[in-house]
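The values are calculated or read from the model by the stated rules, or taken from the named source; none is laboratory data. Note that the structure is a prediction, hence the values are computed from the model and not measured. Quick reminder, even Gly has a Cβ in these numbers, built from the backbone with ideal geometry, and neighbours come from all protein chains shown. Please note that ligands, DNA and RNA were not included when accessible areas were found on the heavy atoms of the full protein model with its side chains. Shrake-Rupley method; radii C 1.70, N 1.55, O 1.52, S 1.80 Å.
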Amino acid sequence: MIDTIVLAHRVNGRVIPGQARFEQVNPADPTDLRVTGPEADAAVMGDAVAAARAAVEALDRQGIEARSDSLAAVGHRLKADAPQLALLIARETGKTLNDARGEVLRAGRLFDFFAAETLRNVGEVFDSVRRGTAVEVTNEPIGVVAAITPWNFPVAIPAWKIAPALAFGNAVVWKPSEYSSATAAALMEIIAAAGLPAGAVNLVLGAGAAGQALCEAPGIDAVSFTGSVATGAKVRMAGAERSLRLQLEMGGVNGMIVLADADLGNSVACALNGAFFAAGQRCTATSRIIVEEAIADRFVAALKERMASLAIGDPREASTQVGPLVSMRQKELITRQVASVEESGLRPVVGGTATTMKHAFFAPTLFDAVPVEHAFGMDEIFGPVAGIYRVRNFDEAIAVLNAPRYRLSAGLCTTSLSHATAFRRRASAGLTMVNVPTAGIDYHAPFGGVGGSSYGPREQGRAARAFYTVMKTSYICPG
Ligand code: ADP
């Protein structure tokens, strides 16, 4: 019998049920799991924002040591519960068990990192131009932060928003993706048991309408959003109208250059991982593989061979390397996008729409000899799809790399120090990766892109403080 999970909002420490308005099934096996949940309306948002507002004061009264302990407790539980949580992620979103486990452990470490940051909110003291007066700069909480998160990293992305928000004294109203809300509810359970004031984190469920209602809820001070370019634009408009502080992480059309002097085995492994692991559903995934002509035939042959031996299957199996897309809706979208590339005259050398797969699986797809001026790779295809660009030299490679508007991560495979150094200078991207895949980032270093990929301050690491605090400059004269 199908396992059904019925979800509810959690506001001010209380469970608030509602009529089921969205549904997600296991995308690899629709007979396994069904998740349903309610849609938060303006009234639920109002209650959540009021609870969060009260919690900002309660967090201040509780003090930084208790708060740091709470964040550490969440980190500890995440690491201890990683196997169970990973299975839920695999069943709900189709992410492979190994990837899901790695993600939960990383989320645990994110909470550990921000548990320590809670105790490190240092300020600055200046001598004043007025003798006897001191000037102090402190980093204060911004207040009530709305967090709107996607399904592709259903624990790590919420963690890298919620943990710094709390660390710096803010309260959160969190709207997770409707495709990963059971996982969100499981994370919320852990947060709710960590000793934070009621209302420090509130979980409001639903699809786009709930996200929009949250952006429009009176009383929020900031929105941190991760998701698609189109939705990010809506959030930016809603936020700009009301002068909210905004942090938007959106798509990337990421390129990786392979020079003729690169280690062939490693560059093929980087391309395989970057383009097809996580079924291409990472905003740092490689969609443009830019290869120097001199080695292009050898590189493509080796990549095709590795693609043929990818273990595609049930994400609950430990041996699976590539699972399905998150939903049938997403499969329909990717199918339409790939079909339109095929109609433009490009023929896939592996996969494509002719390779049919069951449920929400989509065959890893590779196009070869994509013309530099072709529209492919200008907009994100959020699936296991990549194109090979054959270029004459490094300069041409850099021009192809920097052409798209969405530039989050850029890669280079080479054994040349001078090319690696020039690449770091000339690649226009938020992340540059040499001899490692474009995807796969550390949890304690800043994260974000350039061009249309990101808007607002960086996420993660010590950089996170810029978004989650507001500077206060105080002049104190003893009188
Ligand atoms: P994807 O589902 O492909 O990750 P989306 O940008 O649609 O990308 O979703 C990211 C998050 O934004 C999800 O939590 C989603 O429900 C939410 N969302 C969708 N539409 C809106 C909107 N108009 N305003 C605010 N949030 C939204």
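Things to note:
- Cβ charges +1 (Lys, Arg) and -1 (Asp, Glu), total dipole of the stretch 254-434, debye: 420
- Isotropic mean projected area of the C-alpha convex hull, the chain (nm²): 24.4
- The spread of Cα positions in the stretch 290-424, taken along each principal axis and listed from longest to shortest, comes to 46, 34, 27 Å.
- Average projected area [Cα convex hull, the stretch 30-95], square nanometres: 6.6
- Solvent-accessible area per residue in the chain equals 40 Å², computed with a 1.4 angstrom probe and all protein chains kept.
- Hypothetical label at Arg405: residues of the stretch 369-392 whose amide nitrogen lies under 20 Å (7 Å Cα-Cβ projection): 372-383
- The fraction of accessible area contributed by carbon and sulfur in the stretch 254-434 is 51 percent, rounded to a whole number (1.4 Å probe; ligands and nucleic acids excluded).
- Charge sum, other residues only, whose C-beta stays under 12 Å from Ile290's C-beta, Lys/Arg counted +1 and Asp/Glu -1: -1
- Dividing the helix sum by the residues of the chain, where each DSSP H run of 4 or more adds -39500 (n - 2.57), gives a mean residue ellipticity at 222 nm of -12000 deg cm²/dmol.
- Using θ = phi - 60° and Karplus 6.51 cos²θ - 1.76 cosθ + 1.60, couplings along the stretch 394-402 (whole Hz; Gly, Pro as x): 4, 4, 5, 4, 5, 5, 5, 4, 8
- For Val436, the residues 5 or more places off, or on other chains, whose built amide H falls under 5 Å of its own are Leu412.
- Here the 3J(HN,Hα) profile of the stretch 15-24, calculated from phi with Karplus coefficients 6.51, -1.76 and 1.60 at θ = phi - 60°, is 7, 10, x, x, 5, 5, 10, 9, 9, 9 Hz, Gly and Pro shown as x.
- In this structure, Ala209 and Arg14 have a Cβ-Cβ separation that, at R0 = 22 Å, corresponds to a calculated FRET efficiency of about 0.45.
- Size descriptors for the stretch 216-366 (Cα atoms only): Rg and Dmax, in that order, 18.8, 59 Å.
- Between the exposed loop cleavage positions of the chain, defined as trypsin sites (Lys or Arg not before Pro) in a non-H, G, I, E, B DSSP state with at most 11 neighbouring beta-carbon atoms within 10 angstrom, the longest gap is 132-357.
- For the stretch 307-322, backbone phi angles converted through the Karplus equation (6.51, -1.76, 1.60; θ = phi - 60°) give residue-by-residue couplings of 5, 5, 9, 5, 8, 9, x, 5, x, 6, 7, 4, 7, 5, 9, 10 Hz, Gly and Pro being listed as x.
- Remark on the stretch 320-392: hydrodynamic radius 12.7 angstrom, per the Kirkwood mean of 1/r across alpha carbon pairs.
- Carbon-plus-sulfur accessible fraction, the stretch 1-156 (probe radius 1.4 Å, protein heavy atoms only): 52%.
- Rough spin-label spacing in nm, given labels placed 7 Å along Cα→Cβ, for Asn393 and Thr4: 6.6
- Coil-residue GluC sites (Glu not before Pro) of the stretch 358-430, DSSP, other Cβ within 10 Å capped at 13: Glu373
- Under-5 Å amide H pairs with Val391, H placed in peptide plane, nonlocal only: Val291, Glu292, Glu293
- Calculated log₁₀ intensity ratio I(q)/I(0) where the Debye formula runs over C-alpha points of the stretch 369-479, q = 0.11, 0.16, 0.21 Å⁻¹: -0.46, -0.84, -1.28
- Residue-span extension gain [Ala308 to Leu333] - 0.36 nm each, minus C-alpha spacing: 6.6 nm
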